[in-house]
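Colleague: Here it is, the structure, as structure tokens.
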Amino acid sequence: IIGRVWSFRDVSQRVRAERERERLLREAHEAIQVRDDFLSIASHELKTPLTPLRLSLQLLRHVLESRQPGTLGQVDRALGQVRRLSSLVNDLLDASCVGMCRLQLQRAPVSLRELALEVSSDFHAVSERHPITVEAPDEELFILGDSGRLSQVLTNLVENALKYSPQGGAVRMSLARSGAAAVLSVTDSGIGIPKEEQEHLFERFFRARNAPVSGFGGLGLGLYICRDIVERHGGHIWVESEQGRGSTFHVSLPLLAAHTRQEQPAAPG
Ligand code: ADP
């Protein structure tokens, strides 16, 4: 032994910094919890009067239809506003559930071709100005998922495609197989999204700067909810877009195991 080395290090500063970091994280977590609780309670309260209001307006419409058909326009406008409010409140409610990890899925085999056709036919009545076409392969593509929630995703993408195409133009839904996944895409030729903002689109309350502020109001929650639903199905959602030219939103979902095998060539002999 020719010598010894002692090393002393003051760790108190590191411990203090670590404690401070933990305190800040705890506070941020509590603030998020309070915000999600508020969102959830407020949207439940807003939702409660909307259902009876819609039912009363539908009844009123029914009565007026036979007696004063000329006044139906007013009632239809009021019904349209109630529908819009309901959709905003539902988004608020879903967004608070996403924050609290409470968006429940009821899984069963879902045919994506049927789903796409159903969603497009729901839009036919309201979108004369914007035809919606569906391109789907003949083969059935099944996934294990919640058809209501997946239909919500597709509806949201088509609604956005229509909402952000103020000049009109066709909206195309397409379905294709990509290896062990199916890819659903919704394409429009609307206002598009600035390149530098595309990575933020799926964040809560995000709206691109070219999104119109009046007339096409939105909360910036739809895509945030869509991403949560898609990811809970083990899938991905992404966008390709060019400002002023249009956008395509893609959703890929893992196929049910029985549908991931490609046709095997017949064995020789
Ligand atoms: P909202 O439409 O209610 O604002 P979303 O979460 O559905 O919320 O969309 C977020 C933002 O993404 C929109 O505000 C808009 O800026 C942009 N966006 C979404 N879909 C499209 C689209 N098809 N074309 C152009 N911009 C879009």
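Colleague: Could you tell me whether residue 15 is over 33 Å from the mean Cα position of the chain (by Cα) and open to solvent by less than 90 Å² (accessible area, probe 1.4 Å)?
Modeller: Yes; evaluated as a whole, the condition is true for this residue.
Residue-by-condition table, conditions (1) within 30 Å of residue 106 (Cβ to Cβ); (2) in contact (Cβ under 8 Å) with a residue 40 or more places away in the chain:
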| site | (1), (2) |
| --- | --- |
| 130 | no, yes |
| 142 | yes, yes |
| 153 | yes, yes |
| 181 | yes, yes |
| 190 | no, yes |
| 208 | no, no |
| 223 | yes, yes |
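Colleague: From (1) away from the ligand (no atom under 12 Å from the Cβ); (2) at pLDDT 95 or above; (3) open to solvent by less than 20 Å² (accessible area, probe 1.4 Å); (4) among the small types (Gly, Ala, Ser), pick out the condition that doesn't hold for residue 185.
Modeller: (1)
Colleague: While we're on this one: Name every residue in the range 193-205 that is assigned to a loop (DSSP other than H, G, I, E, B) and more than 6 Å from the ligand (Cβ to nearest atom), in order of residue number.
Modeller: Result: 194, 202, 203, 204, 205.
Colleague: Looking for something over 22 Å from residue 230 (Cα atoms) and touching a residue at least 12 places away in the same chain (Cβ under 8 Å) - is there at least one such residue anywhere in the range 95-109?
Modeller: No, the conditions are met nowhere in the range 95-109.
Colleague: Here is a further query. If you scan the range 96-105, which residues turn out to be touching a helix residue (DSSP H, G or I) at 6+ places or on another chain (Cβ under 7 Å) and not hydroxyl-bearing (Ser, Thr, Tyr)?
Modeller: 98, 99, 100, 103, 105
Colleague: Of the numbered conditions (1) open to solvent by less than 20 Å² (accessible area, probe 1.4 Å); (2) more than 16 Å from residue 189 (Cα to Cα); (3) within 13 Å of the ligand (Cβ to nearest atom), residue 92 satisfies every one except a single condition; which is it?
Modeller: The single condition residue 92 does not satisfy is (1).
Colleague: A further question follows. Give just the number: which of (1) at pLDDT below 95; (2) in contact with a Leu (Cβ under 7 Å, 6 or more places away or on another chain) does residue 211 not satisfy?
Modeller: For residue 211, the exception is condition (2).
Colleague: While we're on this one: Looking at residue 57, is it modelled with pLDDT under 90, more than 19 Å from the chain's Cα centre (by Cα), open to solvent by less than 30 Å² (accessible area, probe 1.4 Å) and farther than 30 Å from residue 146 by Cα?
Modeller: no
Colleague: Just name the residue that is farthest from residue 99 (Cα to Cα) out of those in the range 225-238 that are in contact with a helix residue (DSSP H, G or I) (Cβ under 6 Å, 6 or more places away or on another chain) and within 10 Å of the ligand (Cβ to nearest atom).
Modeller: 226
Colleague: Taking residue 157, is it part of a helix (DSSP H, G or I), open to solvent by 30 Å² or more (accessible area, probe 1.4 Å) and within 15 Å of the ligand (Cβ to nearest atom)?
Modeller: So residue 157 does not fit the description; no.
Colleague: So residue 173 fits all but one of (1) hydrophobic (A, V, I, L, M, F, W, C); (2) more than 10 Å from the ligand (Cβ to nearest atom); (3) within 23 Å of residue 90 (Cα to Cα); what number is the exception?
Modeller: (3)
Rundown of residues vs (1) at negative phi; (2) modelled with pLDDT of 85 or more; (3) among the basic types (Lys, Arg), yes/no style:
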site: 15; (1), (2), (3): yes, yes, no
site: 23; (1), (2), (3): yes, yes, yes
site: 47; (1), (2), (3): yes, no, yes
site: 69; (1), (2), (3): yes, no, no
site: 75; (1), (2), (3): yes, yes, no
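The values are calculated or read from the model by the stated rules, or taken from the named source; none is laboratory data. As the structure is a prediction and not an experimental result, all values here were calculated from the model. Neighbour counts run over all protein chains shown; Cβ positions are idealised from the backbone, glycine included. Keep in mind that these areas ignore ligands, DNA and RNA; they rest on the heavy atoms of the full protein, side chains included. Shrake-Rupley method; radii C 1.70, N 1.55, O 1.52, S 1.80 Å.
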